[in-house]
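Take a look at the structure below.
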Amino acid sequence: MKYGPNKGTEIKYMMKQRHELTNNCDKPLTIVIGAGLAGVSTAYALAARGVPTLLIDEGSEPASGSSHANAGMLTSSMSSPWNSPGLLWQVAKATFGGSSPFSIRAGQMLKLAFWGLSFFRSANTRHYQYASKMNFRLAQYSMGRTRALRTALNLEYDSDSQGTLKIFRDHKAFSRAIGLARSMCNEGLAFSVVTPEEIIQIEPMLASKIGSIIGGIYYPDDESGDANKFTQRLFDEFVRVGGEVRFNTCIARIVEDKNGIVGVETSAGIVDCKQVVVAAGHASVGLLALNSISLPIKPVKGYSVTFECKEGYLPRVPVVDDGNFAVVTPLGSRLRVSGFAEFSGNDDTIDDSRVAELVSALDNIYPSIGSRLRLHEAKAWTGLRPVSADGLPFIGGTSIKGLFLNTGHGHLGWTMAAGSGHLLADHMLDQPAEIDIRPYQIDRDYF
Ligand SMILES: Cc1cc2nc3c(=O)[nH]c(=O)nc-3n(C[C@H](O)[C@H](O)[C@H](O)COP(=O)(O)OP(=O)(O)OC[C@H]3O[C@@H](n4cnc5c(N)ncnc54)[C@H](O)[C@@H]3O)c2cc1C
């Protein structure tokens, strides 16, 4: 057994907790690490089916990591991984000062070495099409699960079902996106290619800058909503069905012996358990490395700025502006603009120039919107997406008995959260699942 250093009285406290937990039920405890979208969705799916579950997070509340203020879009339409066949060119352009949503900060090149090789190796047509389809299946399934939870539990998270609108200012990018959408038709992607006039009908507030927009694609099945509120509400339900929780508690190590998982070593002591789910976002990598599991995930930094509406109407539909590399999402009485994909390691500090770029992108899309928003109360945020090298998440078991994964969802972590949690719970409980888990398991084949 590989237990770490003794932590004295704190351990006794945790042992008391453990004793209470095992006293309450005769089934062994499952620990979920991480109270973001992935962790809370998994913890709820387990606890709701009677599995004694303890959720642990180093933060002080649910959704304190990358799930805190994301773009708020549930978009099976955007299931393609980021490593598209043209990616290498885009990164090169960004590195030499051109415009691209991607950037690699100096000093990160070497750190990206192995992951980067795998990332670029997956940037081929065959893998791209395969990963897009597998992500789409999971995304569609997950959005169905999100709707089911919303209805069954009466969850309030500023949800909307208006679809999303992608607008284009560049002919090449427009025809590439149409081709991609067509290739997903057989999988069930609904979309319509729209003219500038039709764009104004879908989102009248785009009228003033319509001259620079050549066309768009409307995806009617997409949804939107505040991921943070969803996570908080689902967390409340997790507690209501008997789930246990420890915040401000950092997991230092997952403990195994030759028969599998035996516990976790935390900042407050050791907790025994038979099963662990790692849903710690990009930090999953460091934790699993201690158990000799190598997870090809890197943090990719993004930004959002959220405004309260002062007066008048806000846009109705979430808009993805391909030319400005920005997404603008209405969330109840708020408007959020998001963007950027920076490889800058674990750095989560806010760069004011990035915030200014997002505000200016918003102004470009909706020139008159400033007067309707409380600009001085804007909330800037940055988060680190857990991006896998082959563009697919990791859901399922590992080579260690009792150790499970639910992480690596990259830019689709909100879209895929409810489904990934449910799918993993089905797998752990050996129950039939609605979709095949194999494409997301860690031992999948890479192309
Ligand atoms: C700018 C931006 C916009 C985005 N927009 C969208 C979108 O529109 N649609 C979409 O589908 N997705 C979007 N995403 C992606 C989505 O937000 C992420 O994929 C998702 O939040 C990942 O959730 P998670 O639960 O895996 O990780 P996190 O939310 O990061 O949760 C991990 C948790 O683990 C905890 N933790 C880590 N290490 C430890 C430890 N050792 N001990 C205890 N706790 C630990 C952390 O405190 C954290 O709370 C966006 C992301 C960003 C950054």
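A compact table of results
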{"read-out": "Looking only at region 72-96, and only at residues there that are farther than 26 Å from THR329 by Cα and not in a helix (DSSP H, G or I), the one that is modelled with the lowest pLDDT", "value": "PHE96"}
{"read-out": "Residue under evaluation GLY215, criteria (1) in contact with a helix residue (DSSP H, G or I) (Cβ under 7 Å, 6 or more places away or on another chain); (2) surrounded by fewer than 18 Cβ atoms within 10 Å (Cβ to Cβ); (3) not assigned by TED's automatic domain parsing to the domain that holds THR42, criterion not met", "value": "(2)"}
{"read-out": "ARG253 being touching a Leu at 6+ places or on another chain (Cβ under 9 Å), more than 22 Å from GLY396 (Cα to Cα), buried (at least 16 other Cβ atoms within 10 Å of the Cβ) and assigned by TED's automatic domain parsing to the domain that holds ILE31", "value": "no"}
{"read-out": "Test: residue in region 283-295 that is modelled with pLDDT of 95 or more, closer than 21 Å to ALA207 by Cβ and more than 12 Å from the ligand (Cβ to nearest atom)", "value": "no"}
{"read-out": "Whichever residue in region 216-254 is among the small types (Gly, Ala, Ser) and out of contact with any Asp or Glu (no Cβ under 9 Å at 6 or more places or on another chain) and, among such residues, is farthest from the ligand (Cβ to nearest atom)", "value": "GLY242"}
{"read-out": "Single match in GLY286, GLY323, GLY345 (criterion: over 22 Å from LEU37 (Cα atoms), out of contact with any His (no Cβ under 7 Å at 6 or more places or on another chain), surrounded by fewer than 20 Cβ atoms within 10 Å (Cβ to Cβ) and not charged (D, E, K, R))", "value": "GLY323"}
{"read-out": "Unmet requirement for GLY281, which otherwise passes all of (1) closer than 25 Å to GLY163 by Cβ; (2) under 20 Å from the mean Cα position of the chain (by Cα)", "value": "(1)"}
{"read-out": "Any chance SER142 is more than 30 Å from ASP445 (Cβ to Cβ) and either outside the structural domain of VAL320 (by TED's automatic domain parsing) or loosely packed, with under 15 Cβ neighbours inside 10 Å (or both)", "value": "no"}
{"read-out": "Output for region 414-426, where each listed residue is more than 7 Å from the ligand (Cβ to nearest atom) and among the hydroxyl-bearing types (Ser, Thr, Tyr)", "value": "SER420"}
{"read-out": "Members of region 165-196 found to be in a loop (DSSP other than H, G, I, E, B), closer than 14 Å to MET78 by Cα and not hydrophobic (A, V, I, L, M, F, W, C), listed by number", "value": "GLY188"}
{"read-out": "Test: ALA113 is modelled with pLDDT under 95, over 28 Å from ASP436 (Cβ atoms) and surrounded by fewer than 17 Cβ atoms within 10 Å (Cβ to Cβ)", "value": "yes"}
{"read-out": "Qualifying positions in region 255-272 - in a loop (DSSP other than H, G, I, E, B) and within 14 Å of the ligand (Cβ to nearest atom)", "value": "SER267, ALA268"}
{"read-out": "Residues of region 331-356 satisfying the condition of being within 13 Å of the ligand (Cβ to nearest atom) and either within 21 Å of PRO367 (Cα to Cα) or in contact with a Phe, Trp or Tyr (Cβ under 7 Å, 6 or more places away or on another chain) (or both)", "value": "LEU331, ARG336, VAL337, SER338, GLY339, PHE340, ALA341, ARG354, VAL355"}
{"read-out": "Every pair of residues 6+ apart whose Cβ atoms lie under 8 Å, when the first sits in region 184-207 and is within 15 Å of TYR366 (Cβ to Cβ) and assigned by TED's automatic domain parsing to the domain that holds PRO315 while the second is part of a helix (DSSP H, G or I) and β-branched (Val, Ile, Thr)", "value": "ILE199/ILE210; ILE200/ILE210; MET205/ILE369; LEU206/ILE199; LEU206/ILE200; LEU206/ILE365; ALA207/ILE200"}
{"read-out": "Flag if ILE199 is assigned to a helix (DSSP H, G or I) and touching a Leu at 6+ places or on another chain (Cβ under 6 Å)", "value": "yes"}
{"read-out": "Whichever residue in region 389-413 is surrounded by 24 or more Cβ atoms within 10 Å (Cβ to Cβ) and closer than 13 Å to ILE293 by Cβ and, among such residues, is farthest from the ligand (Cβ to nearest atom)", "value": "PHE404"}
{"read-out": "Pair list, Cβ under 7 Å, 6 or more apart: region 34-50 residue more than 15 Å from TRP414 (Cα to Cα), other residue at pLDDT 95 or above and within 11 Å of the ligand (Cβ to nearest atom)", "value": "ALA43/VAL32; ALA43/LEU55; TYR44/GLY421; ALA45/GLY421"}
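Here's the yes/no breakdown for (1) within 20 Å of MET416 (Cα to Cα); (2) in the same structural domain as LYS172 (by TED's automatic domain parsing); (3) not small (Gly, Ala, Ser):
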residue: VAL264; (1), (2), (3): no, no, yes
residue: SER267; (1), (2), (3): no, no, no
residue: ASP272; (1), (2), (3): no, no, yes
residue: VAL276; (1), (2), (3): no, no, yes
residue: ALA279; (1), (2), (3): yes, no, no
residue: GLY286; (1), (2), (3): no, no, no
residue: CYS309; (1), (2), (3): no, yes, yes
residue: PHE325; (1), (2), (3): no, yes, yes
residue: ALA341; (1), (2), (3): yes, yes, no
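The values are calculated or read from the model by the stated rules, or taken from the named source; none is laboratory data. Computed from a predicted structure; not experimentally measured. Don't worry about glycine lacking a Cβ; one is built from the backbone with ideal geometry, like all the others, and counts go over all protein chains shown.
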